[in-house]
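To keep things clear, I will list the structure first and then write my remarks on it.
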Amino acid sequence: MRTAYSVETVRAAERELMARLPEGALMQRAAAGLAAVCAGLLRRVYGARVVLLVGPGDNGGDALYAGARLARRGAGVTAVPMDPERVHAGGLRALLAAGGRLAAGVPGRADLVLDGLVGIGGRGGLRPAAAALVEQIPAGAVVVAVDLPSGVDADTGEVAGPAVRADVTVTFGAYKPGLLIDPGASRTGALRLVDIGLSLPEPDAEALQHADVAGLLPMPTASSDKYRRGVVGIVAGSVQYPGAAVLAVAGALRGGAGAVRYVGPAADAVLARYPETLIGRGRVQAWVVGPGLGEGRAAEVAQALADPVPVLVDADGLRGLDPAVLRARSAGTLLTPHAGEAAALLGVSRDAVESARLSSVRSLAERYGATVLLKGSTTLVSRGGGPVRVNPTGTAWLATAGSGDVLSGLSGSLLASGLPALDAASVAAYLHGLAGRRAASGAPLLAQQIAQSLPEAWRSIQNP
């Protein structure tokens, strides 16, 4: 599990550790790890051209001390301060003693640029002086962010204006939520964690890895039959959108439940594609309601919510949901909106959701008393309390018609197999993203290809 912690939590852990260490020892640990990563990125350190973009705080100090280590190994290191009157004194002395130099402007050529402008305490957009230095980063240089890319909010991933786009981000002590959540996540490049010895409590966010998902996947035993493995009911599709039913059923059939029961007007289309499907109402262990449902079918949503089993509500089923009804349910409820649907549920603009995805998913979960999977470039899952799950898999090609229908069916099947809503949603998003990435291979894909690739994604997790 990759865990992420808020700035406040990290700062408190740093203070506790610094009280037990000699002065400056923590910064030296960070700088040593940073320099080691940089050395590994260079073809050779001796003779390499390294530029440090230096802010006035400890972030700039980390860059200066790391630059001093590289200079002692023969690199040509140039430090460019954002504010020449406010440079970390100890770091600057170390750099100059090692043979590094100061410059007023960014050199036109560099092999590697260290972004030490703004640390994890930065908020809002970059100041003009910092933004001007970022614009001067030489083309072709490997950009390494110190702790996080300058201009990215460490707690939320929000980007207010110009920000560094790093090839590699070296973060200290713990991952920060903003490194995992878009739009910040798209600017971090490859993530490297340097352990500096922090003791940390429960995380604010977490991201499942292969081993975590493998431990959660429902696997049949010798005594399993299709009913013990769970039956998921799908209420989806309409005359206008029959494909939504087909795709939701496709995702559900590959999600681990023993059987899929379809209810709706697209039965002929579903059976023509998937004759394994049961047709008509009956006992189920979970419901999926909403994909392609169209208007005027609120009664079917209400009927599913009245059944004391887990229910996933998606797409058209999300319209007009009553928080009081959901909060009164005894079984789990999973909502799977995209940003536009989330905005309608919260009564805010879509831009407000997109720019603050972490707080939006938490607000939705708390308001509706449900687990919420917020779809998007970074899919987030929250049950209100505890860490928000951040999905690390996927590809931009997943933004295609019907992709969400497959995800809904897959999630519902995992619910029916017995996984709690938080785990079902997290595992489904992981598998869905992995299947999409494999199916696309860098080219456009169809939603049905995502469903077809789910078995391969499942096997790759079980047998890495």
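The values are calculated or read from the model by the stated rules, or taken from the named source; none is laboratory data. Predicted model only: the values in this text are computed from it and were never measured. We place every Cβ from the backbone using ideal geometry, glycine too, and count neighbours over all the protein chains shown. Surface areas here come from the heavy atoms of the whole protein model, side chains and all, with no ligands, DNA or RNA. Shrake-Rupley method; radii C 1.70, N 1.55, O 1.52, S 1.80 Å.
The sole residue among 132, 110, 104 that is outside any loop (DSSP other than H, G, I, E, B) and farther than 24 Å from residue 172 by Cα is 132. On inspection, residue 364 passes the criterion of being free of Cβ contacts under 8 Å to residues at least 40 places away in the same chain and not small (Gly, Ala, Ser).
Quick one: is residue 92 among the hydrophobic types (A, V, I, L, M, F, W, C), modelled with pLDDT of 95 or more and open to solvent by 30 Å² or more (accessible area, probe 1.4 Å)? The answer is yes for residue 92.
Are any of the residues in the stretch 268-279 crowded, with 20+ Cβ neighbours inside 10 Å, among the basic types (Lys, Arg) and at pLDDT 95 or above? No, the stretch 268-279 contains no residue that is crowded, with 20+ Cβ neighbours inside 10 Å, among the basic types (Lys, Arg) and at pLDDT 95 or above. Applying the set (1) within 30 Å of residue 358 (Cβ to Cβ); (2) buried (at least 20 other Cβ atoms within 10 Å of the Cβ) to residue 68 leaves exactly one unmet item: (1).
Within the stretch 307-331, being open to solvent by less than 20 Å² (accessible area, probe 1.4 Å) and touching a Gly at 6+ places or on another chain (Cβ under 7 Å) holds for 312, 313, 314, 317, 318, 326. Taking residues in the stretch 27-38 that are surrounded by 19 or more Cβ atoms within 10 Å (Cβ to Cβ) and at pLDDT 95 or above, and partners anywhere that are hydrophobic (A, V, I, L, M, F, W, C) and in a helix (DSSP H, G or I), the pairs with Cβ atoms closer than 7 Å and at least 6 places apart or on different chains are 31/66; 34/66; 35/66; 35/70; 38/66; 38/70.
Scanning the stretch 127-160 for residues that are within 16 Å of residue 117 (Cβ to Cβ) and either out of contact with any Gly (no Cβ under 8 Å at 6 or more places or on another chain) or free of Cβ contacts under 8 Å to residues at least 12 places away in the same chain (or both) turns up 127, 128, 129, 132, 133, 135, 137, 141, 144.
There is at least one residue in the stretch 224-235 that is buried (at least 24 other Cβ atoms within 10 Å of the Cβ) and in contact with an Asp or Glu (Cβ under 7 Å, 6 or more places away or on another chain). Criterion first (open to solvent by less than 10 Å² (accessible area, probe 1.4 Å) and of a type in the set (Phe, Trp, Tyr)) does residue 241 satisfy it? No; evaluated as a whole, the condition is false for this residue. Could you please let me know if residue 10 is of a type in the set (Val, Ile, Thr), in contact with a Phe, Trp or Tyr (Cβ under 9 Å, 6 or more places away or on another chain) and assigned to a helix (DSSP H, G or I)? Yes, satisfied. Close Cβ contacts (under 8 Å, 6 or more residues apart or on different chains) running from residues in the stretch 161-172 that are in a loop (DSSP other than H, G, I, E, B) to residues that are surrounded by 24 or more Cβ atoms within 10 Å (Cβ to Cβ) and hydroxyl-bearing (Ser, Thr, Tyr) comprise 163/150; 164/150; 166/188. All conditions but one from (1) among the polar types (S, T, N, Q); (2) without any contact (Cβ under 8 Å) to a residue 40 or more places away in the chain; (3) in contact with a Leu (Cβ under 9 Å, 6 or more places away or on another chain) apply to residue 223; the one that does not is (3).
Count of the stretch 280-306 residues, restricted to those that are open to solvent by 80 Å² or more (accessible area, probe 1.4 Å) and either among the charged types (D, E, K, R) or not in a helix (DSSP H, G or I) (or both), is 4. Taking residues in the stretch 297-315 that are without any contact (Cβ under 8 Å) to a residue 12 or more places away in the chain and among the aliphatic types (A, V, I, L, M), and partners anywhere that are assigned to a loop (DSSP other than H, G, I, E, B) and surrounded by 22 or more Cβ atoms within 10 Å (Cβ to Cβ), not one pair has Cβ atoms closer than 8 Å while being at least 6 places apart or on different chains. Of the residues 171, 156, the single one that is open to solvent by less than 10 Å² (accessible area, probe 1.4 Å) and under 30 Å from residue 209 (Cα atoms) is 171. Residues in the stretch 182-218 that are open to solvent by 50 Å² or more (accessible area, probe 1.4 Å) and polar (S, T, N, Q) were compared, and the one that is farthest from residue 425 (Cα to Cα) is 199. Contact map, the stretch 243-265: first residue among the basic types (Lys, Arg), second residue open to solvent by 20 Å² or more (accessible area, probe 1.4 Å) and not in a strand (DSSP E or B), Cβ cut-off under 7 Å, separation 6 or more or different chains; pairs are 254/455; 261/282.
Looking only at residues in the stretch 44-65 that are within 31 Å of the chain's Cα centre (by Cα) and part of a loop (DSSP other than H, G, I, E, B), the one that is surrounded by the most Cβ atoms within 10 Å (Cβ to Cβ) is 55.
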